[in-house]
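Let me begin by presenting the structure, written as C-alpha cells, before commenting on it.
Just so it is clear, none of the values below were taken in a lab; they were calculated from the coordinates. All figures in this text were calculated on a predicted structure; none of them were measured in a lab.
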C-alpha cells in the first residue's frame, strides 16, 4: 500500500481545507473552466471555492493517487449522496446513496456504478456490529471507513471521494439553467408527501423529457415543460416507493440527474457565477484538490461525453435488530460482486482479481453461522471471511 500521502498533498495547497459536497459538480466546474479558457479571475474564484470544500480523509490511500492523476491513468471517485440540509464539517449521518465513478481517459468513457445502500456488510473496524447496511459505514467511521468498506467489498481502489448533498442539487440545477432528462417510467410525485398525491406535485412521462407541475393536488396542471428546474430534478431523483424497481429505480434516476449536470458543463458562465460557487461550497465535501481537478480537466475531459451506468443487484432479505424488529437488507451474491469487480477493474486498467469477501469486512467467528444463513441459496460462495483476495492495483498491460 502506498505511503500516507495526506501531508504531502495538502502541503502543496496552502489555503484552508474545509468542505466539498458535490464533488462531481466541482469536477464539472473545473472541466468547464479549463476547457473554456476563462480569465484568471474566474479560475481564482473557482479555486477559492474548491479550497474551502476540500477535506482529507486523513488516512492512507490504496495507491499513489498523485501519480495516477499526473500520468493520466484511469481513476475512481466514490460519491456519497445525503438528503439533508447544508453539510457541516462534522456531518455523521447515513448516506442515502453511493455511486462509484470510474473515469478512463484512454477509452474516453466514464462508468457510474450504483451501490445498494441496504447491501449487507461487515464494516471494517466495526465487524462486531454485523450485520450492517452499506450506508451505515459513513455514520460509524466517516469517510475513511466508508471507503475501506467499498474497497474491501469489491476489491478495488478508491482514489477520491465526494459527499454530495442531494438537496443542494435543487439550487445547482437551477443555477446552471436546468437540465433535460428522459424519464424511465411514468410517475407522479409530491415532495411534501413522498407519494403520488399532495401539493407541489410533478408528473413525469416514460421515454420523454416532458413533465408537468400542479399546485392544487393534481386538479390542474401546467403546460408541458422539457427543461427541469431544480425542484423538478429533486422530485425526479427522490421518488422511491412507487417505483417498481424500488431503490434501484431511484438510483437510476439519480444517475440520470448527475449525467444531465455533467453534460450541462459546457455552459461555463453559469457554473462560475458567485451564486453557484456559494451553493457548491455549502453542499459538497471532497479530497480532490484544485490541482487534481485542473489536471483531470486537461487529461480526462473527453470521458464525460460517454457515460455508462451500472448497478449492483442484490437479493432482498431481513434480519431482526436488537429490539426484534425485522430490518431489510440486500445480500449480493459473490457472482454478482465478481461481475462488478471485473468491470470496475477493467475500467480502471487493472489486472483481473477475485472480488472481496462476501460481506467486505471479516465476520466475527461468533456470527459466522448467522452470516452463512443469510446467503442466497444459489450463492456460489460461503459467508467467507477470507481476506486473501488479490488486491493488486497493478495496471493491466492492455489498458
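Per the Debye formula on identical point scatterers at the alpha carbon atoms of the range 286-373, with no solvent, log10 I(q)/I(0) at q = 0.12, 0.21 Å⁻¹ is -0.63, -1.12. The range 124-177 and the range 281-315 have Cα centres spaced 14 Å apart.
Name the shape class, rounded, prolate or oblate, that the alpha-carbon gyration tensor gives for the range 178-249, where a ≥ b ≥ c are the square roots of its eigenvalues, rounded holds for a/c under 1.5, and otherwise prolate holds if a/b is larger than b/c and oblate otherwise. Oblate is the answer for the range 178-249, as a/c is 1.5 or above yet b/c matches or exceeds a/b.
For the range 300-349, what relative contact order do you get, as a whole percent, if you take Cα pairs closer than 8 Å and at least 6 residues apart?
Values: 33 pairs, mean separation 14.2, N = 50.
Relative contact order comes out at 28 percent.
Compute the Rg to Rh ratio over the range 99-169 from the alpha carbon atoms, using the Kirkwood formula for Rh, and round to two decimal places. Could the numbers behind the result be given before it?
Numbers: Rg = 13.3 Å, Rh = 13.2 Å.
My calculation puts Rg/Rh at 1.01.
In summary, the range 325-371 shows an alpha-carbon radius of gyration equal to 1.45 times the 2.2 N^0.38 Å reference for compact globular proteins.
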